[in-house]
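Take a look at the structure set out below.
The values are calculated or read from the model by the stated rules, or taken from the named source; none is laboratory data. Computed from a predicted structure; not experimentally measured. Heads up, the Cβs are rebuilt from the backbone with ideal geometry, glycines too, and the neighbour counts pull from every protein chain shown. Ligands, DNA and RNA are excluded from the accessible area calculation, which covers all protein heavy atoms including side chains. Shrake-Rupley method; radii C 1.70, N 1.55, O 1.52, S 1.80 Å.
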Amino acid sequence: MDYLLLFFLDTLFWCLLLGLIPAFIARSKGRNFTQWYIYGVLLFIVAFIHSLFLKDQSGTRCPACKEWIQ
């Protein structure tokens, strides 16, 4: 029983830690850190790959052409 609890806590620790990676990548590209952290904790592999292919939106949006300005 103790080994199962330790396995669960260890897995939870690593999920919470690994969730930071896609969250920081997404934050550097102008996305919401909290939403991407939750996404990264729940689906790390998918969130990590998704965060690598995000477009940079760290600037402001042009009201005329709707493009992102750095």
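Taking the options Ile25, Ile38, Ile49, name whichever one is in contact with a helix residue (DSSP H, G or I) (Cβ under 9 Å, 6 or more places away or on another chain), among the β-branched types (Val, Ile, Thr) and open to solvent by less than 70 Å² (accessible area, probe 1.4 Å).
On the way: Ile38 fails: open to solvent by less than 70 Å² (accessible area, probe 1.4 Å); Ile49 fails: open to solvent by less than 70 Å² (accessible area, probe 1.4 Å).
Every option except Ile25 fails the conditions.
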Discussion item. Can you confirm whether Phe7 is open to solvent by 90 Å² or more (accessible area, probe 1.4 Å) and either out of contact with any helix residue (DSSP H, G or I) (no Cβ under 9 Å at 6 or more places or on another chain) or in contact (Cβ under 8 Å) with a residue 40 or more places away in the chain (or both)?
Written reply: yes
Worksheet item: Of everything in region 52-70 that's under 30 Å from Cys15 (Cα atoms) and touching a residue at least 24 places away in the same chain (Cβ under 8 Å), which residue is surrounded by the most Cβ atoms within 10 Å (Cβ to Cβ)?
Response: Leu54
